[in-house]
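The values are calculated or read from the model by the stated rules, or taken from the named source; none is laboratory data. Just so we're clear, the structure is a prediction, and the values are computed from it rather than from any experiment. Cβ: placed from backbone, ideal geometry, glycine included. Neighbour counts: every protein chain shown.
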C-alpha cells in the first residue's frame, strides 16, 4: 500500500490543529498515515495500548465503551486517541467506522512533538 500523507487543507479543517503555523501543519501532514475504512471496521479497541493519534478526514465513526455503550459520533474534522497519549493510559473507548471513512494518524513521537503542546497551552 502506498503511503499518502494528509494534506495541510485536510488538517486545517480539524479545529484543534487549525491554529498551527502552515509549516507545522505541513510537517504533521507528511508524518500522518492515511487509511480508508469499511463500515464496521475497528480503528482502536478499548483497553489497548495507545500509540497513535487520529483525525477523521471523511465519513462517520462511532466511539463506544464496554460499560457505557455509545459515547460519541465522530465526523470529519474531529479527532481521537489523544487521551491515551496524553495520560499514558490504555484506550478509553473502541472506535469503528459506521460509513466508508478516511482517517489519518500519527505516531506517539510526532504527537508529542507537534500536537501535545496544543493541549498544554
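Things worth noting here:
- Looking only at residues of segment 26-43 that are surrounded by 20 or more Cβ atoms within 10 Å (Cβ to Cβ) and either part of a loop (DSSP other than H, G, I, E, B) or modelled with pLDDT under 95 (or both), we find that the one that is nearest to the chain's Cα centre (by Cα) is 32.
- Residue selected from segment 49-63 under the condition modelled with pLDDT of 95 or more and in a loop (DSSP other than H, G, I, E, B), by the criterion surrounded by the fewest Cβ atoms within 10 Å (Cβ to Cβ): 60
- Count of residues meeting criterion [more than 15 Å from residue 46 (Cβ to Cβ) and at pLDDT below 95] in segment 87-113: 1
- The set of residues in segment 67-118 that are part of a loop (DSSP other than H, G, I, E, B), in contact with a helix residue (DSSP H, G or I) (Cβ under 9 Å, 6 or more places away or on another chain) and farther than 20 Å from residue 34 by Cα comprises 89, 90, 91, 92, 93.
- Members of segment 65-75 that are farther than 26 Å from residue 117 by Cα and crowded, with 16+ Cβ neighbours inside 10 Å: none
- Any hit, segment 94-109, residues being touching a residue at least 12 places away in the same chain (Cβ under 8 Å), under 11 Å from the mean Cα position of the chain (by Cα), closer than 24 Å to residue 29 by Cα and surrounded by fewer than 17 Cβ atoms within 10 Å (Cβ to Cβ): yes
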